[in-house]
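Derivation of every value follows stated rules applied to the coordinates shown; laboratory data play no part. From a predicted model like this one, the values you see are computed outputs, not experimental measurements. For neighbour counting, all protein chains shown are included, and Cβ atoms are generated from backbone atoms with ideal geometry for every residue, glycine included.
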Amino acid sequence: MPLNAYQTTNHYLERAFELLALPERFRTALITPSREIRVELIIELDDGSLGHYIGYRVQHDDSRGPFKGGLRYHPDVDLDEVRSLASLMTWKTAVVDVPFGGAKGGIQVDPRQLTRRELERLTRRFVEQISPVIGPDTDIPAPDMNTNAQVMGWFFDEYSRRRGFSPAVVTGKPLELHGSLGRDAATGRGCLFAAREVLAAAGKKLEGTSFAIQGFGNVGSWLARLLHERGARVVAVSDLKGGVFKGDGLDVPALFQHARATGSVSEFPGAEALSNQELLKVECDVLVPAALGHVLHEGNAREIRARYVLEAANGPTTAEADQIFSERGIMCIPDIWANAGGVTVSYFEWTQNTQKLKWSEDLVNDSLEKHMVDAHRAIAACMDEYKCSMRTAAFVVGVRRVKEATELRGIG
Ligand code: NAD
């Protein structure tokens, strides 16, 4: 039976625990979430009827700093998934060495079924319910799937109405509401740096390297744009409605115009149509899952024809697929480093908010690059030391840092 999302994260963690010969007391302390909250969200819909939704916030670990993690609106959101994503955030913030812990939240809802006003009411109700346990020095949410700068703006406003002006309670806000330059592109840009570093370590360059990207939202679309600017070949992209393929590379700026005009990348003129499943099996150098979790599994891992899997999404590879990839010599560039650009720039946004400063976009991007490159150095050193996969090495780096903080603060 395949492992569920939380079991998968713990499976990777256990490997790091073994390599570090971590005493049992630390294993229990590091694996166990600090707090799990489930809230019932009842709102009035525009037609006067009531909508009833379930929301979660899981705070996994705060030994290195306030809890930090995104907020997802999706019909598949459940406690198991949020627990797993919260734990991943703990290791991610440690890998890129930003002074936060890990958390995640979500509402089980298909936001496409709600109007803008209903979405705003739902967001405000969620803030109302979780406001006692969040705050600029306690727990700081951010965007994730189907949540964006506008949702973060409502979040900031609702919290501030209750507690006074508090821009640092949430990151990924609009620029006009104390957001940071460079935050929108940050996760995609971080993925670009990750790909560049891994290719460089193998004596390769971004120029001419082919990429297939599943998901054309915040992360996937920014990554496609930045790769194209640097001369990489984006051969396939997809979104919820389907995908497109062009072997010698898609014209990404024209694809953006098409997606803006039609609401989807599908049916882009001059490219072949392909399904989301087919996209994963495209022959390319780097496959980038940038949408949902668990899309690479036992059922399709043997058919993947990429040399690298760049995990822009959180948890896109099941433990079974991870094993198959390692047997087949496909290198997974793990989510807890690859997509850490978002939380890194969230840290810069929080820093600007708390210090009442404004950074230039160059300062944001240069600082992001430094965090990503430093993290790669630490991961590569661990791969050498323990002769392990990049994923295990990233977990070792994260676990070591969280364990040190936990030990210094004292467990009980
Ligand atoms: P988004 O909502 O902006 O975009 C999601 C994209 O995935 C859309 O193009 C959507 O059409 C597509 N999609 C949805 N369901 C799909 C399906 N079944 N098959 C194929 N495509 C599908 O979300 P995002 O912020 O870009 O997040 C994408 C992934 O990146 C998530 O796993 C998220 O956890 C992760 N992530 C996001 C950030 C961030 O800063 N936004 C940071 C770290 C990790």
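Cα to Cα, under 22 Å, and not fewer than 8 places away if on the same chain: which lysines meet these conditions relative to K356?
Result set, ordered by chain and number: K68, K173.
What list of ³J(HN,Hα) values in whole Hz, one per residue of the stretch 118-132 in order, does the Karplus curve 6.51 cos²θ - 1.76 cosθ + 1.60 (θ = phi - 60°) give from phi, with Gly and Pro shown as x?
Rounded to whole hertz, the list is 5, 5, 5, 4, 5, 4, 5, 5, 5, 4, 4, 6, 9, 4, x.
Return the sequence-ordered ³J(HN,Hα) values of the stretch 193-203 in whole Hz as given by the Karplus equation 6.51 cos²θ - 1.76 cosθ + 1.60 applied to θ = phi - 60°, using x for Gly and Pro.
These are the phi-based 3J(HN,Hα) values: 4, 4, 4, 4, 5, 5, 5, 4, 5, 9, x Hz.
Set Lys and Arg Cβ to +1 and Asp and Glu Cβ to -1, take the dipole of the chain about its Cα centre, and tell me which of V170, C332, S63 lies farthest positive.
Ranked along the dipole, the leading option is S63.
Check H74: other-chain or 5+ apart residues with amide H under 5 Å from its amide H, H built from backbone geometry?
Distant-sequence amide H within range of H74: I107, V109.
Note down the nm distance, to one decimal, between modelled labels 7 Å out along Cα→Cβ at D46 and at Q150.
The two pseudo-label positions are separated by 1.1 nm.
For each of W222, W359, W91, count neighbouring Cβ atoms within 10 Å of the residue's Cβ, then give the residues from fewest to most. Each step should come with its number before you reach the end.
On the way: W222 23, W359 19, W91 29.
By the 10 Å Cβ count, ascending: W359, W222, W91.
Quickly work out the R116-to-Q7 label distance, labels modelled 7 Å from Cα along the C-beta direction, and quote it in nm with one decimal.
4.4 nm
Quick one: if you stick a label point 7 Å off each Cα along the C-beta vector at R38 and E207, how many nm between them?
It is 5.6 nm.
Efficiency by 1/(1 + (r/R0)^6): what FRET value for T28 and R260, r their Cβ-Cβ distance, R0 = 45 Å, to the nearest 0.05?
Working from the Cβ atoms, E equals 0.35.
Would you please give the residues with an amide H less than 5 Å from that of A306, counting only those at least 5 places away or on a separate chain, with H modeled from the backbone geometry?
C284
In terms of modelled amide H atoms, which long-range or inter-chain residues lie less than 5 Å from the amide H of I213?
Residues meeting the amide H criterion: A236, V237, S238, V288.
Within the set of other residues whose C-beta is less than 13 Å from the C-beta of K370, count the net charge using Lys and Arg as +1 and Asp and Glu as -1.
Numbers: positive: R189, R377; negative: D97, E197, D362, D366, E369, D374.
Counting the neighbours of K370, the net charge comes to -4.
Just subtract the alpha-carbon distance of T351 and R409 from 0.36 nm times their residue separation and send over the number in nm, one decimal. Could the numbers behind the result be given before it?
On the way: separation 58, 0.36 × 58 = 20.88 nm, distance 2.32 nm.
Here the segment from T351 to R409 would lengthen by 18.6 nm.
Residue-wise, which Karplus ³J(HN,Hα) couplings in Hz belong to the stretch 358-371, taking 6.51 cos²θ - 1.76 cosθ + 1.60, θ = phi - 60°, and x for glycine or proline?
Ordered by residue, 3J(HN,Hα) equals 10, 8, 6, 5, 4, 5, 4, 5, 5, 5, 4, 4, 4, 4 Hz.
Calculate how many DSSP beta bridges within the chain are antiparallel, expressed in % of all such bridges and rounded to the nearest 5. Please list the in-between numbers first.
Details: 24 of 49 bridges.
That works out to approximately 50 percent antiparallel.
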